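The values are calculated or read from the model by the stated rules, or taken from the named source; none is laboratory data. For clarity, every value in this text was computed on a predicted model and none was experimentally measured. All Cβ positions, even for glycine, are placed from backbone atoms using ideal geometry, and neighbour counts span all protein chains on display.
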Amino acid sequence: MKYTASVTPADENAHLIGHPHRWRILAVLCTSLVVVMVGNSSLNVALPTIARELDAGTSQLQWIVDAYGLVFAGLLFTAGSLGDRFGRKGALQFGLIVFLAGSVTASTVDSATMVTACRAVMGLGAAFVMPATLSIIVNVFPTHERPKAIALWTAIAGVGGTLGPIASGLLLAHFSWSSVFLVNVPIVTFALVAGARLVPTSRDPGLPRIDVVGALLSTAGISALVYAIIEAPTEAGPVPRPSRWRLPRS
C-alpha cells in the first residue's frame, strides 16, 4: 500500500503515527536540501578563479551566479505544484538527476556562457527538489511531530547556505574551480540511492486541473521580478551624492 497524502478511514491510524522510517527519510530529505543550498552559495568564492581561467568579464560572472537563482525562483511554485499532483518522490528524484547533470557538465565546460547555462540547469533541478522535500515531510510525519521535523529542515537550510562558501574555499585551496561542482556528485548520488529505497510515493489526487496559463504567467512574473532585482543596481548606475546646503546667514 502506498503511503499517500489522501487518507482513508482504514489508514487513519497510520496517518496519526506517521511513516515507520520517517526520521531516516528526513535525513535523506535534508541531504537533498543541503545540495540545493550549497549550490546556491558555493560559487561566490570561486569567481576570481573562474574569471582568470575562463577569461570572464564582470557581467558574465554576475550571470554565472544569478542564473541559478533566477531559474530556481521562477519555477519554484510550478515545480512544487507538479510534484504534488504527479508524485513528490518522482519530483525529488527528477530534480536531483537534473541537478547532478548540471553539476557534472559545469565541471567539464571551458567557457563562461556554458557555465551559466549549466547553472540554470542546476536551478531547474533545485526548483523541483526543495518543495518536494517539504511536501514529503508533511506527508510522512504525524501532526504532533511536524513542527520538530520542519524546524530541523529549516536549520539544515541555514547551515547549507553558510557551508557553501567554506567548502568552496577549502576545495579551491587544493583543486581547480571545477571541484566546486564535482563535490555535489557523491552527495546527490547518496540522496538518489537512499531516496529510491526509503522515500515513499505520494501525491495529492484532490488538486484541481492544471492551470497551464496560470503556471506560465506565475513563472514569467516571478522571473521578471527576480530579474529586475538582479539588474536594478547595474542599470541604475551610481547613486548621486546629496548636495550640501547651508542655512542662510542672518
- Of Val129, Val121, the only residue that is β-branched (Val, Ile, Thr), under 30 Å from Ile50 (Cα atoms) and either surrounded by 22 or more Cβ atoms within 10 Å (Cβ to Cβ) or modelled with pLDDT under 90 (or both) is Val129
- Message: Every residue in the stretch 37-84 that is assigned to a helix (DSSP H, G or I), more than 13 Å from the chain's Cα centre (by Cα) and among the small types (Gly, Ala, Ser), please.
- Response: Ala46, Ala51, Ser59, Ser81, Gly83
- Message: Residue under question is Ala157, and the condition is that it be among the small types (Gly, Ala, Ser), farther than 16 Å from Gln93 by Cβ, at pLDDT 90 or above and assigned to a helix (DSSP H, G or I); does it hold?
- Response: no
- From the list Ala79, Ala106, Ala46, which residue is buried (at least 21 other Cβ atoms within 10 Å of the Cβ) and under 22 Å from Thr201 (Cα atoms)? Ala79
- Members of the stretch 74-117 that are touching a residue at least 60 places away in the same chain (Cβ under 8 Å), within 18 Å of Trp63 (Cβ to Cβ) and β-branched (Val, Ile, Thr): Val115
- Note on the structure: Every listed condition ((1) more than 26 Å from Leu26 (Cβ to Cβ); (2) assigned to a helix (DSSP H, G or I); (3) among the aliphatic types (A, V, I, L, M)) holds for Ala132 save (1)
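Quick grid of which residues meet (1) of a type in the set (Val, Ile, Thr); (2) farther than 19 Å from Val34 by Cα:
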residue	(1), (2)
Thr78	yes, yes
Ser81	no, yes
Arg85	no, yes
Lys89	no, no
Thr113	yes, yes
